Amino acid sequence: MSGKATKKVLICDDEPLIREAMSYAVEKAGHQFVLAEDGVQAFEMVVSENPDLVLLDVGMPGMSGFDVCKKIRELPNGDKFFIMIVSAFGQAADKEKAAQSGADDYLSKPFSPRDLVAKLESILSSDVKK
(Lines give C-alpha, C1' and ligand atoms only; values in the text may rest on other atoms or scores of the structure.)
Protein backbone atom coordinates (compact mmCIF):
# COMPACT_ATOMS: atom_id res chain seq x y z
CA MET A 1 0.00 0.00 0.00
CA SER A 2 2.95 2.36 0.34
CA GLY A 3 3.29 4.98 -2.33
CA LYS A 4 -0.41 4.89 -3.10
CA ALA A 5 -2.39 8.03 -2.36
CA THR A 6 -5.30 7.48 -0.01
CA LYS A 7 -8.61 8.41 -1.58
CA LYS A 8 -11.90 9.36 0.05
CA VAL A 9 -15.07 7.40 -0.64
CA LEU A 10 -18.57 8.55 0.26
CA ILE A 11 -20.77 5.56 1.08
CA CYS A 12 -24.49 6.22 0.99
CA ASP A 13 -26.97 3.50 1.87
CA ASP A 14 -29.92 3.48 4.25
CA GLU A 15 -29.08 -0.06 5.43
CA PRO A 16 -26.48 -0.10 8.27
CA LEU A 17 -25.18 -3.58 7.36
CA ILE A 18 -24.59 -2.55 3.74
CA ARG A 19 -22.75 0.60 4.88
CA GLU A 20 -20.64 -1.60 7.16
CA ALA A 21 -19.80 -4.05 4.35
CA MET A 22 -18.90 -1.22 1.99
CA SER A 23 -16.78 0.59 4.57
CA TYR A 24 -14.91 -2.67 5.23
CA ALA A 25 -14.18 -3.01 1.50
CA VAL A 26 -13.02 0.61 1.27
CA GLU A 27 -10.68 0.17 4.25
CA LYS A 28 -9.42 -3.12 2.83
CA ALA A 29 -8.55 -1.26 -0.38
CA GLY A 30 -6.53 1.21 1.75
CA HIS A 31 -8.81 4.24 1.52
CA GLN A 32 -10.82 6.37 3.91
CA PHE A 33 -14.59 6.72 3.91
CA VAL A 34 -17.42 8.94 5.07
CA LEU A 35 -20.96 7.69 5.55
CA ALA A 36 -24.38 9.03 4.63
CA GLU A 37 -27.72 7.44 5.49
CA ASP A 38 -29.96 9.09 2.90
CA GLY A 39 -29.83 10.96 -0.37
CA VAL A 40 -30.09 14.46 1.06
CA GLN A 41 -27.19 13.83 3.43
CA ALA A 42 -25.20 12.25 0.60
CA PHE A 43 -25.55 15.31 -1.61
CA GLU A 44 -24.56 17.64 1.24
CA MET A 45 -21.51 15.48 1.94
CA VAL A 46 -20.42 15.49 -1.70
CA VAL A 47 -20.24 19.27 -1.45
CA SER A 48 -18.56 19.38 1.99
CA GLU A 49 -16.28 16.31 1.79
CA ASN A 50 -15.23 16.39 -1.89
CA PRO A 51 -14.92 12.58 -2.20
CA ASP A 52 -13.02 10.84 -5.00
CA LEU A 53 -15.75 8.21 -5.34
CA VAL A 54 -19.44 8.22 -4.43
CA LEU A 55 -21.20 4.89 -3.80
CA LEU A 56 -24.97 5.46 -3.98
CA ASP A 57 -27.81 3.11 -3.13
CA VAL A 58 -30.90 3.67 -5.29
CA GLY A 59 -33.76 3.20 -2.84
CA MET A 60 -33.23 5.68 -0.03
CA PRO A 61 -35.49 7.99 1.96
CA GLY A 62 -35.52 11.64 0.99
CA MET A 63 -33.88 11.38 -2.42
CA SER A 64 -33.09 8.35 -4.57
CA GLY A 65 -29.56 7.53 -5.66
CA PHE A 66 -30.54 8.43 -9.23
CA ASP A 67 -31.71 11.88 -8.07
CA VAL A 68 -28.55 12.42 -6.01
CA CYS A 69 -26.47 11.46 -9.04
CA LYS A 70 -28.30 13.99 -11.24
CA LYS A 71 -27.85 16.73 -8.62
CA ILE A 72 -24.13 15.99 -8.33
CA ARG A 73 -23.75 16.23 -12.10
CA GLU A 74 -25.47 19.65 -12.02
CA LEU A 75 -22.77 21.06 -9.73
CA PRO A 76 -20.17 23.28 -11.46
CA ASN A 77 -17.53 20.61 -10.73
CA GLY A 78 -19.98 17.70 -10.87
CA ASP A 79 -18.22 15.89 -13.67
CA LYS A 80 -15.08 15.31 -11.55
CA PHE A 81 -16.79 12.87 -9.18
CA PHE A 82 -16.75 9.16 -9.96
CA ILE A 83 -20.22 7.84 -9.10
CA MET A 84 -21.17 4.19 -8.74
CA ILE A 85 -24.78 3.15 -8.22
CA VAL A 86 -25.08 0.12 -5.94
CA SER A 87 -28.50 -1.47 -6.10
CA ALA A 88 -30.49 -4.64 -5.63
CA PHE A 89 -32.23 -3.78 -8.91
CA GLY A 90 -29.91 -5.33 -11.47
CA GLN A 91 -32.10 -5.29 -14.56
CA ALA A 92 -30.85 -3.75 -17.80
CA ALA A 93 -33.41 -0.94 -17.44
CA ASP A 94 -32.03 -0.04 -14.01
CA LYS A 95 -28.47 0.05 -15.32
CA GLU A 96 -29.64 2.26 -18.20
CA LYS A 97 -31.39 4.60 -15.75
CA ALA A 98 -28.17 4.81 -13.72
CA ALA A 99 -26.23 5.76 -16.84
CA GLN A 100 -28.86 8.34 -17.81
CA SER A 101 -28.65 9.90 -14.35
CA GLY A 102 -24.90 10.35 -14.81
CA ALA A 103 -23.46 7.32 -13.02
CA ASP A 104 -20.06 6.06 -14.15
CA ASP A 105 -20.58 2.48 -13.00
CA TYR A 106 -23.15 0.10 -11.52
CA LEU A 107 -22.79 -2.70 -8.98
CA SER A 108 -25.61 -5.13 -8.26
CA LYS A 109 -26.46 -6.28 -4.73
CA PRO A 110 -25.71 -8.68 -3.29
CA PHE A 111 -22.01 -8.22 -3.97
CA SER A 112 -19.00 -9.88 -2.45
CA PRO A 113 -16.60 -7.63 -0.53
CA ARG A 114 -13.82 -9.05 -2.74
CA ASP A 115 -15.63 -7.87 -5.91
CA LEU A 116 -16.20 -4.44 -4.39
CA VAL A 117 -12.53 -4.16 -3.34
CA ALA A 118 -11.43 -5.08 -6.87
CA LYS A 119 -13.76 -2.47 -8.38
CA LEU A 120 -12.62 0.16 -5.88
CA GLU A 121 -8.96 -0.49 -6.58
CA SER A 122 -9.55 -0.26 -10.32
CA ILE A 123 -11.51 2.99 -10.02
CA LEU A 124 -9.38 4.70 -7.38
CA SER A 125 -6.03 3.81 -8.96
CA SER A 126 -7.05 5.80 -12.03
CA ASP A 127 -6.98 9.59 -11.93
CA VAL A 128 -9.15 9.94 -15.02
CA LYS A 129 -11.84 11.97 -13.21
CA LYS A 130 -9.62 14.33 -11.19
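The values are calculated or read from the model by the stated rules, or taken from the named source; none is laboratory data. Every value quoted in this text rests on a predicted model; they were computed, and no experiment measured them. Methodologically, a virtual Cβ is constructed for each residue, glycine included, from the backbone with ideal geometry; neighbour enumeration extends over all protein chains shown.
Annotations for the structure displayed:
- Residue count for the range 42-66 under the criterion of being part of a helix (DSSP H, G or I) and buried (at least 18 other Cβ atoms within 10 Å of the Cβ): the result is 6.
- Residue identified as within 21 Å of T6 (Cβ to Cβ), basic (K, R) and surrounded by fewer than 17 Cβ atoms within 10 Å (Cβ to Cβ) among K109, K80, K119: K80
- Scanning the range 96-126 for residues that are over 22 Å from R73 (Cβ atoms), hydrophobic (A, V, I, L, M, F, W, C) and out of contact with any helix residue (DSSP H, G or I) (no Cβ under 6 Å at 6 or more places or on another chain) returns F111, A118.
- Test: residue in the range 10-32 that is of a type in the set (V, I, T), within 12 Å of the chain's Cα centre (by Cα) and under 17 Å from G102 (Cβ atoms): no
- Scanning the range 11-39 for residues that are among the aliphatic types (A, V, I, L, M) and either at pLDDT below 95 or surrounded by fewer than 17 Cβ atoms within 10 Å (Cβ to Cβ) (or both) gives L17, I18, A21, M22, A25, V26, A29.
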